[in-house]
Amino acid sequence: MQLIMFGPPGAGKGTQSARLEERYGYKQLSTGDMLRELSKSGTELGNQLKEVLESGQLVSDDIMVSMIEQRIQQPDCKDGFILDGFPRTEAQTKALDTMLSKRGTTIDAVVVMEVDEDELFKRIENRAKEAGEGNARADDNAETLRKRLKVYHDETAPVLPFYVAKGVVKRIDGMAQMDDVTAAIEASLGLTGPSDERKAAPGM
Ligand code: AMP
């Protein structure tokens, strides 16, 4: 299964993607995590990325598209993948569609996590507190969240109609309890829980 987790920052995309990876083996591809890792490299590119991440703006489409194009070809994606944080612009969406068509595949579902904006501010505040001093993401604060939400509304949300037209969008109430959100996602995708084999060895 090839999925996109969609929704504003703090909606729970990462948490739910990780759960689906553990339960079904679809590889979670978090572009935010990949970029944070690269930003620590101490290289010129790393330093530039660090600045963009801290500002809450988007990294260029060219970088993002080539990162994902290389990543989905890796063997750990052969049983499926979950794009967590990609695509975020119309250009990324078109590029993804083209790269998948060339491989004779497509996106099976776009899971849209719907969460009230007040709740997003609370969650980001909690995420920063839990991570503690020095460990917190530099972009997990109310001011940057406001910018990230604006970017989400201006650049990312407009890609949804493309997937609505394909009939693959699943809207999920992201305000529910975490386990209920997972259950709702599984139901929307027709997934019925991990196989016995996977329960015995979830890291497979
Ligand atoms: P996230 O962890 O998904 O909230 O992403 C953190 C930051 O990484 C975003 O605010 C962007 O600066 C950058 N980023 C992640 N994914 C993308 C993407 N697909 N396109 C552009 N920038 C991205």
Open item on the list: What three numbers, in Å, describe the spread of the alpha carbons of the chain along their principal axes, ordered from the longest?
Closed with: 42, 38, 35
Open item on the list: Going by amide H atoms built from the backbone, whose H comes under 5 Å of the H on V169, apart from near neighbours?
Closed with: V110
- [ ] Let me know the shape class of segment 116-204, please: from the alpha-carbon gyration tensor, a ≥ b ≥ c as square roots of the eigenvalues, rounded when a/c is under 1.5, otherwise prolate if a/b is greater than b/c, or oblate.
- [x] oblate
Task: Cα centroid separation, segment 108-131 to segment 144-171 (Å) - done: 15 Å
TODO: Would you work out the relative contact order for the chain, in percent, from Cα pairs under 8 angstrom that are 6 or more residues apart?
DONE: 32 percent
Open item on the list: Among Y152, N141, A183, whose Cα projects farthest towards the positive end of the dipole of segment 132-204, with charges put on the beta-carbon of Lys, Arg (+1) and Asp, Glu (-1)?
Closed with: Y152
Open item on the list: From the helices alone, meaning DSSP H stretches of at least four residues, give me the mean residue ellipticity at 222 nm for the chain, per-run term -39500 (n - 2.57), in deg cm²/dmol to the nearest 500.
Closed with: -15500 deg cm²/dmol
Open item on the list: Shape verdict for segment 32-128, please, from the Cα gyration tensor: rounded (a/c under 1.5), prolate (a/b greater than b/c) or oblate.
Closed with: oblate
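Bear in mind that the values in this text are calculations on the coordinates, not laboratory data. Everything numeric in this text was worked out from a predicted model, so none of it was measured. All Cβ positions, even for glycine, are placed from backbone atoms using ideal geometry, and neighbour counts span all protein chains on display.
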